[in-house]
Amino acid sequence: MCIYLIGVKHEYQYEDYSSGSIEFHSFLRRLANDKCVDLIAEELSEEAISLRREALRREAVGSVAINVASELRIRHKLCDPDSSQRQQLGIKSRDEIALELPLGRAGTSDLSNLGREVEAVERKDWPKREAYWLDRILEEDFERCIFILGAEHVETFCRSLDREQVEYEIVVKHWQPSHNPESNACAFRSSVLES
């Protein structure tokens with residue numbers, strides 16, 4: 001069993017026919033074929049896809065990974081908890097965190113400071129979310145899996161894989177469309193099970 005990691009900016013996960021999602025579709029399809037994967041999983045939920053669809057006011061928004069998996073006739077798994085699952089896991093949303101921060105400390109006039117504070121609190125729940133993703137992936141029977149996750153999670157998720165002694169390879173730490181090729185430098189690193 002091996003998990004191939006692709007770190008992305010989440011906007012490229014959505015099949016909205018932008019140039020970035022079209023290029024990510026091609027990249028993912030090529031990688032899935034090259035690695036002979038039998039599962040594509042991703043940090044995304046049906047709820048997130050619906051919210052993106054509503055925000056863009058387009059019915060044609062979907063998941064690049066779902067479409068690639070369907071084209072290749074392999075399994076796909078959404079791994080991010082939706083809002084009700086996050087509530088059960090004790091994971092607060094960005095909006096909940098922002099509302100709980102003292103206004104005097106964050107300052108309503110300094111939105112960038114508020115954003116940093118929200119992000120710092122949100123990062124405290126990453127271990128819960130990342131454990132949830134790994135549980136969802138490991139529920140499946142597979143030989144080779146691609147897992148697409150936010151680029152900022154790659155290093156911390158690798159530590160979870162190391163703890164669980166799951167073999168993995170970072171294919172791309174932060175995938176970007178080709179108009180920004182320096183961000184696609186491959187950062188290969190494997191954790192190999194020790195006997």
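The values are calculated or read from the model by the stated rules, or taken from the named source; none is laboratory data. Please read all numbers here as calculations on a predicted model, not as lab measurements. A quick note on method: Cβ atoms are made from the backbone with ideal geometry, for glycine too, and the neighbour counts reach across all protein chains shown.
Annotations
- Single residue of segment 5-14 satisfying the filter (buried (at least 21 other Cβ atoms within 10 Å of the Cβ) and not hydrophobic (A, V, I, L, M, F, W, C)) that is farthest from residue 68 (Cα to Cα): 7
- In segment 22-72, the residues that are modelled with pLDDT of 85 or more, among the polar types (S, T, N, Q) and surrounded by fewer than 21 Cβ atoms within 10 Å (Cβ to Cβ): 26, 33, 45, 67, 70
- Among residues of segment 140-168, those that are over 14 Å from the mean Cα position of the chain (by Cα) and among the polar types (S, T, N, Q), counted: 2
- Against the numbered list (1) under 25 Å from residue 20 (Cβ atoms); (2) modelled with pLDDT of 90 or more; (3) within 16 Å of the chain's Cα centre (by Cα), residue 122 comes up short only at (2).
- Residue within segment 34-55 that is in contact with a Leu (Cβ under 6 Å, 6 or more places away or on another chain) and among the hydroxyl-bearing types (Ser, Thr, Tyr) present: yes
- Helices (runs of 4 or more DSSP H) wholly inside segment 22-94 containing at least 3 residues that are without any contact (Cβ under 8 Å) to a residue 24 or more places away in the chain and farther than 18 Å from residue 7 by Cα: 46-56, 83-89
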